[in-house]
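**Student:** What follows is a structure written as structure tokens; I'll ask about it next.
The values are calculated or read from the model by the stated rules, or taken from the named source; none is laboratory data. These numbers come from a predicted model, not from an experiment. Cβ placement follows ideal geometry from the backbone for every residue including glycine, while neighbour counts extend to all protein chains displayed.
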Amino acid sequence: MTMSKWLLKIRWILLVLALTVPLSSFSGENKNHHSQDAQHASNTEKRGTDADPIAIKILPGPDAETKAAKDEKWRDEKSQEDRVLTRAMIILAGFTALLTVFTGCLWWVTKKLATDASVTAQRQAEDMKMSLKLAEQQMTLAGRQADLAEKQHGLQRWQYLATHRPKLIIRRIWLDEGDGDYFSQGSRCPQIQFNIANIGGSLATIIESNATFAKIEGTFPAIPPYSVDTNTIKCTIREAGQSDPTEILDIEDVEVSRDVRSWRGKTITGGDSSPYYFLGYIQYRDGIDIVRRMAFCRRYNPATKRFVEIDDPEYEYAD
């Protein structure tokens, strides 16, 4: 049990005692009033003295001594009651003083408890604020660590893609001479079939491409004579190691198509000086958004029916 509860109990005990003592003194005062009324009545019955010749002297009656004794006894009892009342008042004053002291102590203890509670609440609020601040700092640190981990992952990915870049090449080129008359209904035009292989270590995305089968006589022009098509290759996503599917280029030029059809079923000599070339370019993006470009140029030998690489850096180059 706390000190404040003990002080509160003592206070109630003192209040009960303080209410009991005045009740006893009140009964004594009533008796005193009755005695004083009787004395006043006896004093009013005296009529004269020996020195007053006019007054009539009345001799005391036979019960005068008894009455005097009673008056003396009453005075003694009143004096005794006064002493008791005085003591009661002193005791009441003492109890009142003690009650005041205990009330002050109770007030001090209550104030101290309230102050301690306020200090504790303030300390708890500061601790909570510190905990929230620490949690916020931890969240910030965790976010920075996550950002750092993401940047490290991005750096590692960039390093990997930089050292394992994609690389596109063209291979397995062959000419399909078609069947029948190209200009007749139901005939199949000549075609060039080829494969684009990714021999690098990461994915390549083709963003522009061209393939042209043309007749170039004499010296190569400064600018390669590509066709206007910029979307020849249909499969634009090439994973590392992928070479399928096969791409197809239809030969739609009338003169070139007629020449190709004329080779069908014939033995041709001197194909090394053939003026027919398969050329083009591929522009693609790697995993770190670097745009790369490669170009190819192959001479077609109708005698061997093969395509031979041309040594010209403006027409044949890797990115």
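**Student:** Could you say whether any residue in region 309-316 is farther than 21 Å from ASP179 by Cβ, part of a strand (DSSP E or B) and within 52 Å of the chain's Cα centre (by Cα)? Steps first, please.
**Tutor:** Here is the first cut: in region 309-316, the ones farther than 21 Å from ASP179 by Cβ are 309-316.
From what's left, part of a strand (DSSP E or B): 309.
Next, from what is left, pick out any that are within 52 Å of the chain's Cα centre (by Cα): none.
No, region 309-316 contains no residue that is farther than 21 Å from ASP179 by Cβ, part of a strand (DSSP E or B) and within 52 Å of the chain's Cα centre (by Cα).
**Student:** Within region 266-308, can you find the residues that are more than 21 Å from SER227 (Cβ to Cβ), touching a Ser or Thr at 6+ places or on another chain (Cβ under 7 Å) and not in a loop (DSSP other than H, G, I, E, B)?
**Tutor:** Within region 266-308, GLY271, ARG285, ASN301 meet the criteria.
**Student:** Any residue in region 259-272 that's at negative phi: show its pairings with residues that are modelled with pLDDT of 70 or more and charged (D, E, K, R) at Cβ separation under 8 Å, as long as the two are six or more apart or on different chains.
**Tutor:** Pairs found: ASP259/LYS215; VAL260/GLU177; ARG261/GLU177; TRP263/GLU177; ARG264/GLU177.
**Student:** Out of all the residues in region 198-238, which are outside any loop (DSSP other than H, G, I, E, B), under 58 Å from the mean Cα position of the chain (by Cα) and more than 21 Å from ASP289 (Cβ to Cβ)? Show your work before the answer.
**Tutor:** Here is the first cut: in region 198-238, the ones outside any loop (DSSP other than H, G, I, E, B) are 198, 204-215, 231, 237-238.
With the extra rule that they be under 58 Å from the mean Cα position of the chain (by Cα), the set shrinks to 198, 204-211, 231, 237-238.
The answer is ASN210, ALA211.
**Student:** For SER262, indicate whether it is more than 12 Å from LEU175 (Cβ to Cβ) and not charged (D, E, K, R). Give the steps one after another, and end with the answer.
**Tutor:** Details: more than 12 Å from LEU175 (Cβ to Cβ): yes; not charged (D, E, K, R): yes.
The answer is yes for SER262.
**Student:** Give the residues of region 284-302 that are crowded, with 21+ Cβ neighbours inside 10 Å and of a type in the set (A, V, I, L, M, F, W, C), sorted by residue number.
**Tutor:** ALA295, PHE296, CYS297
**Student:** While we're here: Kindly establish whether TYR284 is touching a residue at least 40 places away in the same chain (Cβ under 8 Å) and more than 46 Å from the chain's Cα centre (by Cα).
**Tutor:** Working: touching a residue at least 40 places away in the same chain (Cβ under 8 Å): yes; more than 46 Å from the chain's Cα centre (by Cα): no.
Taking the combined requirement at face value, the residue does not satisfy it.
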